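Below is one structure, written out as structure tokens, with a few remarks after it.
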Amino acid sequence: MSRETNIAAQTAFAEAVGKGDLGAFEHFVALDSVDHDPAPGQVPGPEGYKAMFAQVRSAFPDLHVEVEHLVATDDELAFAYTIRGTHLGELMGHAPTGKEVSYRGMQISRFVDGKIVERWGSSDELGMLRQLGFVD
């Protein structure tokens, strides 16, 4: 597939996250996709992403991911992003604080036939927890 196809798939994935259209992941994530940096308890494939983002969107219903830098080859994308949201739902047993958070991350995705088959990534969850006052 082309870089443009993979960029379009990654963009559609991010838009689905922003809209809460988690069922759309089936169009952009292979059934046997492997996340090399999964959330605790995250299963492979689109179901793992659905469950993880359902929890995140429940805690941050106005979640927004802004891609700030993107590099693409014919089968891989690497990008830096900022996540923003307001803590309006329970998160890891903590009641909503109403606080806004903004934290950064980076990701590499490998694609086959326009679907994510592997993902490596990291985001500053510790920074997010500090902004919410859950850790020092």
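The values are calculated or read from the model by the stated rules, or taken from the named source; none is laboratory data. Please read all numbers here as calculations on a predicted model, not as lab measurements. Using ideal geometry, Cβ is built from the backbone for each residue, glycine included, and neighbour counts are taken over all protein chains shown. For accessibility, only protein heavy atoms count, side chains too; no ligands or nucleic acids. Shrake-Rupley method; radii C 1.70, N 1.55, O 1.52, S 1.80 Å.
Given region 22-123, what percent of its DSSP beta bridges are antiparallel, to the nearest 5? If I count the DSSP bridges inside region 22-123, around 90 percent turn out antiparallel.
The residues packed around I83, meaning those with a beta-carbon under 12 Å from its beta-carbon, carry a net charge of -3 if Lys and Arg are +1 and Asp and Glu are -1. So which aspartates and glutamates pass the test for K19, namely a Cα distance under 15 Å, with those fewer than 8 places away in the same chain ruled out? In chain and number order, the partners are D62, E66. Any chance you could give the angle, 0 to 90 degrees and rounded to 10, that helix 45-59 forms with the longest Cα principal axis of the chain? Roughly 30 degrees between the two axes. Taking N as the number of residues in region 6-65, what value does Rg over Cα atoms divided by 2.2 N^0.38 Å take? With N residues counted in region 6-65, Rg over 2.2 N^0.38 Å equals 1.05. Treat region 53-136 as a sphere of radius equal to its Kirkwood radius over Cα pairs and apply Stokes-Einstein at 4 °C in a medium of 1.567 mPa s; give the translational diffusion coefficient in µm²/s, rounded to a whole number. Result for D is 93 µm²/s. Between K19, K115, K50, the GNM of the chain built on Cα springs shorter than 10 angstrom shows K19 fluctuating the most. Take each peptide in 31-43, 98-110, count the other Cβ atoms within 10 Å of every residue, and average; sorted highest first, the result is 98-110, 31-43.
Close amide-amide hydrogen proximity is noted between L91 and no other residue 5 or more places distant or on a separate chain, at a cut-off under 5 Å (H modeled in the peptide plane; Pro and chain starts excluded).
Normalised by the number of residues in region 1-89, the mean separation of alpha-carbon contacts (under 8 Å, six or more apart) gives a relative contact order of 29 percent.
What is the dipole size for region 1-132, taken about its Cα centre, with +1 at each Lys and Arg Cβ and -1 at each Asp and Glu Cβ, in debye to the nearest 20?
For region 1-132, the charge dipole is close to 380 debye.
Couplings 3J(HN,Hα) for region 63-79, derived from phi with the Karplus relation 6.51 cos²θ - 1.76 cosθ + 1.60 (θ = phi - 60°), are 3, 9, 10, 10, 7, 9, 8, 9, 10, 9, 10, 5, 10, 9, 10, 10, 8 Hz, where x marks Gly and Pro. You can think of it this way: the chain between L31 and H64 has 9.4 nm of extra reach, that is 0.36 nm per residue less the Cα-Cα gap. Accessible area per residue of the chain at 1.4 Å probe, in Å²? With the other protein chains kept in place, the chain gives 55 Å² per residue.
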